[in-house]
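Note sheet for the following structure.
Bear in mind that the values in this text are calculations on the coordinates, not laboratory data. As the structure is a prediction and not an experimental result, all values here were calculated from the model. No Cβ is skipped: glycine too gets one built from the backbone with ideal geometry, and neighbour counts run over all protein chains shown.
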Amino acid sequence: MSAIDVNLYGTVHGGVLMKFVDDVAGASAARHSGGTAVTAAIDEIVFLEPVRVGDLVHAYAQVNWTGSTSMEVGVRLTAERWDAVEPSPIPVATAYLVFVAIDVAGRPRQVPPVLPSDSADRRRFQEAEIRRDHRLARRAAIQKARAEHADDQE
Ligand SMILES: CC(C)(COP(=O)(O)OP(=O)(O)OC[C@H]1O[C@@H](n2cnc3c(N)ncnc32)[C@H](O)[C@@H]1OP(=O)(O)O)[C@@H](O)C(=O)NCCC(=O)NCCS
């Protein structure tokens, strides 16, 4: 980690953690879909606790939900404090990203369906559908509002 990865408070920049989240989620999406997958949207990222220089950060990612060509990937970051006597991973960030599987021409391609196997996976699937519904409703509401202000040039 270099000096530009750290802010004035001696903790790791959110953007550095976002890149880590995107990389890990991308690997999960590529593995699930069996090929290239691109980030279409970052639905949510929450920083729960600061990450300090020297902390050991772990990332866990899984495909929570699949559509036809898109996937929602959930990511959880934990940190072990470098100066803790006992390893004590604490949750430091959670994120939900949408990836789209693409072919060599960059066109969306079908992904295998995710099959929730236990109640935790079924909960994640259900929560991903809630986020998707909200995303689509929000987009529709904004498009409607923009149409009502179609005369505005800025
Ligand atoms: C993501 C991308 C491939 C989608 O292409 P597109 O032609 O708009 O795709 P479509 O409208 O046919 O939609 C394909 C799927 O993507 C989903 N999608 C597209 N835009 C989305 C968005 N902003 N948020 C969430 N999902 C989105 C659609 O819901 C659809 O899902 P489904 O097949 O599961 O129903 C294209 O916008 C792209 O290449 N974007 C740039 C990606 C990139 O460079 N990322 C950063 C580096 S990895």
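Using only side-chain charges placed at the Cβ, +1 for Lys and Arg and -1 for Asp and Glu, the dipole size of segment 32-95 relative to its Cα centre rounds to 120 debye.
Using only Cα atoms, tell me the angle between helix 14-33 and the longest principal axis of the chain; keep it within 0 to 90° and round to the nearest 10. On a 0 to 90 degree scale, this one is about 60.
Find which of 39, 75, 20 sits farthest along the positive direction of the dipole of segment 18-129, computed with +1 on the beta-carbon of Lys and Arg, -1 on that of Asp and Glu, about the Cα centre. The Cα lying farthest towards the positive end belongs to 39.
A P(r) calculated from all alpha carbon pairs of segment 50-150, with 10 Å bins opening at zero, reads 14, 29, 27, 22, 7, 1, 0 percent.
In nm, what is the difference between 0.36 nm times the number of residues separating residue 86 and residue 135 and their Cα-Cα distance? Please report the intermediate quantities before stating the final value.
Details: separation 49, 0.36 × 49 = 17.64 nm, distance 4.10 nm.
Contour length minus Cα-Cα distance gives 13.5 nm.
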